[in-house]
Amino acid sequence: MTTAIIGTGGIGSAIARRLASGGEALRLASADSESARRLAAEIGRAAVGAVNNREALQGAGAVVLALRFTVLKGVMDETGDLLTDRLVVVPSNPVGIDAQGNIARLLPEEQSSGEVVAGWLPAGTPLAMAFGTMSAGLLESFSNRSPEPAVLFYAADGNRAGEEVERLIRTAGFEPMKVGGIEQSGRLEVGGDLHDLVVGPAEARSLIGGA
Ligand SMILES: NC(=O)c1ccc[n+]([C@@H]2O[C@H](COP(=O)([O-])OP(=O)(O)OC[C@H]3O[C@@H](n4cnc5c(N)ncnc54)[C@H](OP(=O)(O)O)[C@@H]3O)[C@@H](O)[C@H]2O)c1
């Protein structure tokens, strides 16, 4: 299967390496197409660098938008007509750097990024908030953990988005676990109770139920 990854920075490149190592074919794009081309060359035959975001989507059944939150809407507007029949996976956290250099939340406390992102996409686009709960370093270190796999939590509405993101999470070397619908994505984000955890399936199930 082929997945597009738009954004080949810290988290996009880690997701790309993990998916490629699980056998996924990749089409990569970044703001400067040279970054995507370099990552594709590093990964090898499984990946190609696209010249732009729209070209990256050609032939891809799913797309990971590994972009800073402030860039997401612009890329969704640019590619929206191509997104409606593909799974859209978003690992972005709704945070930025404030004038003092501190990490600051970009949304009101009661609003999850999943709800905001769903509103930016064409109606009916399958969406999963996933791959943003762990740092890039943890994602690379705990992929294919043995004997007990590490869990990657996700939030999604509808069966199709759930099934497709679970396949990608398994391909990347993790055990998928659904936290709930898109409105539950706040639990996955920076500051959420399931953010930055490395746990196995039994502990993950008790954490989901325990909220
Ligand atoms: N880094 C982590 O460990 C981590 C972990 C979990 C979640 N996240 C979340 O993931 C999101 C991305 O973080 P990051 O650390 O990967 O950011 P990053 O290192 O700054 O990478 C952002 C990527 O977006 C690309 N980009 C920017 N504008 C674009 C556009 N218009 N079209 C296509 N590509 C564009 C950049 O392209 P160029 O390379 O050409 O500049 C770059 O490859 C953030 O919301 C963050 O909170 C990050």
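The values are calculated or read from the model by the stated rules, or taken from the named source; none is laboratory data. Because the structure is a prediction, the values reported are computed rather than measured. Neighbour counts run over all protein chains shown; Cβ positions are idealised from the backbone, glycine included.
Here are some conditions: (1) more than 26 Å from Arg145 (Cα to Cα); (2) in contact (Cβ under 8 Å) with a residue 60 or more places away in the chain. Arg18 meets all but one. Which one does it not meet?
Only one criterion in (1) more than 26 Å from Arg145 (Cα to Cα); (2) in contact (Cβ under 8 Å) with a residue 60 or more places away in the chain is unmet by Arg18, namely (1).
Could you count how many residues in the range 1-24 are surrounded by fewer than 17 Cβ atoms within 10 Å (Cβ to Cβ) and farther than 22 Å from Glu163 by Cβ?
Within the range 1-24, residues that are surrounded by fewer than 17 Cβ atoms within 10 Å (Cβ to Cβ) and farther than 22 Å from Glu163 by Cβ number 2.
If a residue has to be more than 16 Å from the ligand (Cβ to nearest atom) and crowded, with 20+ Cβ neighbours inside 10 Å to count, how many in the range 107-116 make the cut?
Matching residues across the range 107-116 total 0.
Going through the range 51-85 one residue at a time, which ones are near the ligand (Cβ under 10 Å from one of its atoms), part of a loop (DSSP other than H, G, I, E, B) and buried (at least 19 other Cβ atoms within 10 Å of the Cβ)?
Ala66, Leu67
Only one residue in Ala172, Ala150, Ala155, Ala136 is within 16 Å of the ligand (Cβ to nearest atom) and out of contact with any strand residue (DSSP E or B) (no Cβ under 9 Å at 6 or more places or on another chain), so which one is that?
Going through Ala172, Ala150, Ala155, Ala136 in turn, the sole match is Ala136.
Quick one: Gly119 ticks every box in (1) assigned to a strand (DSSP E or B); (2) away from the ligand (no atom under 12 Å from the Cβ) bar one, so which box is it?
Status for Gly119: all satisfied but (1).
What number of residues within the range 91-106 are within 21 Å of the chain's Cα centre (by Cα) and either at pLDDT 90 or above or loosely packed, with under 11 Cβ neighbours inside 10 Å (or both)? First the steps, then the outcome.
Just the residues of the range 91-106 that are within 21 Å of the chain's Cα centre (by Cα), to begin with: 91-97, 103-106.
Still in the running and either at pLDDT 90 or above or loosely packed, with under 11 Cβ neighbours inside 10 Å (or both): 91-97, 104-106.
So the count comes out to 10.
Determine which member of the set Leu188, Leu194 is in contact with a His (Cβ under 8 Å, 6 or more places away or on another chain) and modelled with pLDDT of 95 or more.
Just a single option satisfies the conditions, and that option is Leu188.
Tell me, which residue of the range 149-163 that is within 18 Å of Glu115 (Cα to Cα) and part of a loop (DSSP other than H, G, I, E, B) is modelled with the lowest pLDDT?
In this case the residue turns out to be Gly158.
Kindly indicate the residue of the range 166-181 that is touching a helix residue (DSSP H, G or I) at 6+ places or on another chain (Cβ under 7 Å) and of a type outside the set (A, V, I, L, M, F, W, C) and also farthest from Ser141 (Cα to Cα) among those meeting that condition.
Lys178
Do you know which of the residues in the range 86-105 that are aliphatic (A, V, I, L, M) and over 20 Å from Val64 (Cβ atoms) is farthest from the ligand (Cβ to nearest atom)? Let's see the steps before the verdict.
Keep residues of the range 86-105 that are aliphatic (A, V, I, L, M), which gives 87-90, 95, 97, 99, 103-104.
If we keep only those that are over 20 Å from Val64 (Cβ atoms) as well, we get 97, 99, 103-104.
Values: Ile97: 11, Ala99: 19, Ile103: 9, Ala104: 12 Å.
Taking the candidates together, the pick is Ala99.
Return yes or no: is Arg145 in a helix (DSSP H, G or I) and basic (Lys, Arg)?
no
Looking only at the range 25-41, which residues are crowded, with 21+ Cβ neighbours inside 10 Å, more than 10 Å from the ligand (Cβ to nearest atom) and in contact (Cβ under 8 Å) with a residue 24 or more places away in the chain?
Passing the criteria: Leu26, Arg27.
Using beta carbons and a limit of 9 Å, which pairs, at least six apart or on different chains, have the first residue in the range 64-93 and under 22 Å from Arg18 (Cβ atoms) and free of Cβ contacts under 8 Å to residues at least 60 places away in the same chain and the second one of a type in the set (Lys, Arg) and within 10 Å of the ligand (Cβ to nearest atom)?
Filtered contacts from the range 64-93: Ser92/Arg68.
If Gly119 satisfies all but one of (1) surrounded by fewer than 18 Cβ atoms within 10 Å (Cβ to Cβ); (2) among the small types (Gly, Ala, Ser); (3) under 21 Å from Thr8 (Cβ atoms), what's the number of the condition it fails?
Failed condition: (3).
Do any residues in the range 165-183 that are at positive phi have Cβ atoms under 9 Å from those of residues that are among the charged types (D, E, K, R) and surrounded by fewer than 20 Cβ atoms within 10 Å (Cβ to Cβ), where the two are at least six apart or on different chains, and which pairs are they?
Close Cβ pairs satisfying both conditions: Gly173/Arg145.
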